[in-house]
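The values are calculated or read from the model by the stated rules, or taken from the named source; none is laboratory data. Just so it is clear, the structure is predicted and the values come from calculations on it, not from any experiment. Neighbour counts are summed over all protein chains in view; Cβ atoms, including those assigned to glycine, are modelled from backbone coordinates with ideal geometry.
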Amino acid sequence: MNNDPSQNGVIGPEDFAEPRCLLCDEPFGKEPEVRSVPQQRIIEKNDEYLAKKDYAGAERHLLYWLEEARLGNDKRGMLVIANELIGHYRKCGEKEKALANADLALSLIDELDLGDSMSAGTTYVNAATACNAFGENERSIVLFKKAELAFKQLENVSSTLLGGLYNNMGLCCKALRRYGDALEAYAKADEYMSKVEFGELERAITCLNVADVVAADKGEVDGEPEIFELLDKAYDYLTKTAAPRDGYYAFVCEKCAPVFGHYGFFLASEYLEGEAERIYSGK
């Protein structure tokens, strides 16, 4: 018996199924094989770009690997990279791209059925932070609450992650003029970051955030004594910490410097800007 379809007139799948692509030669209807991207190496390389303040290089790097993950059907890899891109575009002030990647990451959480996992909670925080940064505060607070609920159902959630959650939730509450809720969130953030090695950097940011709440609630004149006390504490955290003087330290200094300048702490602002510039330049 001749088993060659080309000789016996029997049509096989190879005769009508189009390959998924010329490179992988996988037919439609067949679940494509997952080709995972090197997540840790991608994040480490991205950190190298950020340490040099090479945002264009970081974007090219992340977009390249996002496409590789997509072509390899690596949805978990896509989720990791989309989360990195949310933060990247948020820092660069690119609203549409930040929120587009937030939508992508949230859709992948549903597609992968990650429920209330650590990955889901982290993604909710990242997406909520981006929404808050670009004024979508009602959506932001919903996502923060989802993150909080997810983390409450997990064991051994790191203090760093919880501190970041409440620090950012406080920003959203302040934007919504829910000052009491903002102060409550910042108190939780400070409590968690007090347990973290080199948590002084985040505690400094919390102090400055609380100062902004005081100014918004009481006014800068009436709230001046409390505001100045908070700024003194923040400056001590930033300058007396044993945290490595690396790219992240530079980023925090750069982020905090304008706040000191706004409240008239010009020498502190100048010092922090100088530290950031020194680190970024590699001196």
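Points to keep in mind about this one:
- Filtering region 64-76 for residues that are under 14 Å from the mean Cα position of the chain (by Cα) and not acidic (Asp, Glu) leaves an empty set.
- Some residue of region 212-224 being touching a Cys at 6+ places or on another chain (Cβ under 9 Å) and either modelled with pLDDT of 95 or more or on the phi < 0 side of the Ramachandran plot (or both): yes
- Complete set of residues in region 53-95 that are surrounded by fewer than 19 Cβ atoms within 10 Å (Cβ to Cβ), assigned to a loop (DSSP other than H, G, I, E, B) and of a type in the set (D, E, K, R): Lys53, Asp54, Glu94
- Hits in region 174-200 - residues which are within 20 Å of Thr122 (Cβ to Cβ) and buried (at least 22 other Cβ atoms within 10 Å of the Cβ): Ala185, Ala189, Tyr192, Met193
- Residue ID - nearest to Lys283 (Cα to Cα), chosen from residues in region 206-248 that are in a helix (DSSP H, G or I) and small (Gly, Ala, Ser): Gly247
- Residue satisfying all of: in region 111-128; hydroxyl-bearing (Ser, Thr, Tyr) and without any contact (Cβ under 8 Å) to a residue 40 or more places away in the chain; surrounded by the most Cβ atoms within 10 Å (Cβ to Cβ) among these: Tyr124
- Qualifying residue in region 210-232 (condition: touching a residue at least 40 places away in the same chain (Cβ under 8 Å), in contact with a helix residue (DSSP H, G or I) (Cβ under 9 Å, 6 or more places away or on another chain) and within 24 Å of Leu50 (Cβ to Cβ)): no
- Region 102-205 holds helices (runs of 4 or more DSSP H) entirely within its bounds, and those carrying 3 or more residues that are more than 24 Å from Glu229 (Cα to Cα) map to 118-133, 137-152, 159-175.
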